[in-house]
Amino acid sequence: DIDKDGYADIAVGNDRETSADPAGAKGGKVTVVYGGPAGLDSSRSPLVLTQDTAGVPGASETGDRFGSGVSLGDVNGDGYADLAVGASGENSGAGSVTVLYGSASGLRTSGVQSFTQNTAGVPGASEANDRFGARVLLADHSGDRRAELTVSATGENGDGAVWSLRGATSGATTGGAISFGPATTGVSTAGSPGYGTALNS
């Protein structure tokens, strides 16, 4: 519930180019549809987000795959659902994640956060084909009523890895960020496991 009106909202990622899907967009897009008493709220136009949307970091470039992962959850504990968007093709497949925050009027395009493996406090380093942001998940794993930002990079070191950034009143924070790969959880790396291909709370 992005705007805390009591109705669930929907975010749909489409990371495909128009050459692959006429409903796609250059660099990918995310569409947010707001709920209402009859289901979808027909009085509100869907919100379409790309990296060319004012306030969203970056620029729409072919192959960015913005929308490769999407998840809604309350990162800062204010009662409004926030949106995490993965762009696993950003910067030659190094990948990035964008977090937008909810409000009474819907998603805000101010105060937007962006994370890569080159962001201070995020373990690792951005490398081509890491695919950081292939999947994202906002879920409260710590029980503090703020969602953690979980990110997978399915190409990390050829095997894949997962990151967890804590939620805070100021938003997602890199303080205490952790990452782990197949070896940590006893998953075999034979045959390139694509660790993090699926995330679930």
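Give region 172-201 a look and list any residue that's out of contact with any Lys or Arg (no Cβ under 7 Å at 6 or more places or on another chain), farther than 12 Å from residue 122 by Cα and surrounded by 18 or more Cβ atoms within 10 Å (Cβ to Cβ), or say none. Residues satisfying the conditions are 181, 182, 195. The residue that is surrounded by the fewest Cβ atoms within 10 Å (Cβ to Cβ), among those in region 28-43 that are part of a loop (DSSP other than H, G, I, E, B) and in contact (Cβ under 8 Å) with a residue 24 or more places away in the chain, is 37.
Only one entry of 75, 85, 99 meets the criterion of being closer than 15 Å to residue 164 by Cα and outside any strand (DSSP E or B), and that entry is 75.
Matching residues to (1) at pLDDT 95 or above; (2) in a loop (DSSP other than H, G, I, E, B); (3) within 22 Å of residue 30 (Cβ to Cβ):
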| site | (1), (2), (3) |
| --- | --- |
| 103 | yes, yes, yes |
| 107 | yes, yes, yes |
| 117 | yes, yes, yes |
| 127 | yes, yes, no |
| 135 | yes, no, yes |
| 138 | yes, no, yes |
| 150 | yes, no, yes |
| 165 | yes, no, yes |
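Based on this model, can you work out whether residue 67 counts as in contact with an Asp or Glu (Cβ under 8 Å, 6 or more places away or on another chain) and part of a strand (DSSP E or B)? Yes; evaluated as a whole, the condition is true for this residue. When 25, 59 are checked against the criterion of being surrounded by fewer than 16 Cβ atoms within 10 Å (Cβ to Cβ), part of a loop (DSSP other than H, G, I, E, B) and either among the small types (Gly, Ala, Ser) or touching a helix residue (DSSP H, G or I) at 6+ places or on another chain (Cβ under 9 Å) (or both), a single residue qualifies: 59.
Only residues that are of a type in the set (A, V, I, L, M), surrounded by fewer than 24 Cβ atoms within 10 Å (Cβ to Cβ) and touching a strand residue (DSSP E or B) at 6+ places or on another chain (Cβ under 7 Å) were counted in region 150-171, giving 1.
For region 121-135, the candidate set comprises residues that are of a type outside the set (Gly, Ala, Ser) and closer than 15 Å to residue 178 by Cα; within that set, the residue that is surrounded by the fewest Cβ atoms within 10 Å (Cβ to Cβ) is 123.
Any residue at all in region 65-85 that's farther than 23 Å from residue 198 by Cα, within 18 Å of the chain's Cα centre (by Cα) and surrounded by 24 or more Cβ atoms within 10 Å (Cβ to Cβ)? Within region 65-85, none of the residues are farther than 23 Å from residue 198 by Cα, within 18 Å of the chain's Cα centre (by Cα) and surrounded by 24 or more Cβ atoms within 10 Å (Cβ to Cβ). You will find that of 104, 147, 139, the residue that is over 20 Å from residue 189 (Cβ atoms) and crowded, with 21+ Cβ neighbours inside 10 Å is 147 and no other. Could you say which residue among 181, 167, 111 is farther than 17 Å from residue 98 by Cβ and out of contact with any Pro (no Cβ under 8 Å at 6 or more places or on another chain)? Going through 181, 167, 111 in turn, the sole match is 181. Set side by side, the residues 183, 177 differ, and just one is hydrophobic (A, V, I, L, M, F, W, C), more than 25 Å from residue 3 (Cβ to Cβ) and out of contact with any strand residue (DSSP E or B) (no Cβ under 8 Å at 6 or more places or on another chain), which is 183.
The values are calculated or read from the model by the stated rules, or taken from the named source; none is laboratory data. These figures come from a predicted structure and were not determined experimentally. Every residue, glycine among them, receives a Cβ derived from its backbone with ideal geometry; neighbour counts consider all protein chains shown.
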